[in-house]
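Okay, structure first, notes after.
Nothing in this text is a laboratory measurement; each read-out follows from the coordinates by a stated rule. These numbers come from a predicted model, not from an experiment. Please note: Cβ atoms are built from the backbone with ideal geometry, for glycine as well, and neighbour counts cover all protein chains shown.
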Amino acid sequence: MAITKKLLKQKGFKLNTYPKGKFWEYETKDKKIIENILQEDSFGDENVVCLQLKEDYSDKKLAADSNVWEIETEKEFLDILERMYDKEDMLRCDFCRTRLPVRLLKRTHYGSGFGYVRIACQDCMERLGSEEIKGK
């Protein structure tokens, strides 16, 4: 596997232009995604994680809050990408609007007949309770 434009877009990267050139960038504030990317017990209180590389796929960097690390090899970068969810595998919670992997969301049905579906993350399920989410 190699780093490609298609792979970066699939993971949610955007190509941004700055005076110093064009960079592929990915940023998340989602705790579950941050956990998957960093995979370290010593981490855990980070609020923002960013991945960045030049348009030609060189100069790869990982930033967690204000700490920045160079990613030395393409294999290291691809390993991080493998731990990330594809953009298509993610949905937004209908309540807090956080974007999460589908497997971490709960669907609740409400209404008569075919009804409606609301999608809630675990935090909203706990905070609001299933009755409020169902609209009762």
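List of remarks:
- q = 0.19, 0.24, 0.32 Å⁻¹, region 1-40: log10 I(q)/I(0) [Debye, one scatterer per Cα]: -0.70, -0.90, -1.02
- Among the listed pairs 54/75; 9/32; 31/75, a Cα-Cα separation exceeding 22 Å is found for 31/75.
- Each of 28, 73 has some number of other Cβ atoms within 10 Å of its Cβ, and from fewest to most they run 73, 28.
- For residue 96, residues with placed amide H under 5 Å, excluding near neighbours: 121
- Value of D in µm² per second that Stokes-Einstein yields for region 5-84, Kirkwood Rh from Cα pairs, at 10 °C (1.306 mPa s): 123 µm²/s
- Taking the average, over residues, of other Cβ atoms within 10 Å as the packing measure, peptides 15-24, 120-129 rank 120-129, 15-24 from highest down.
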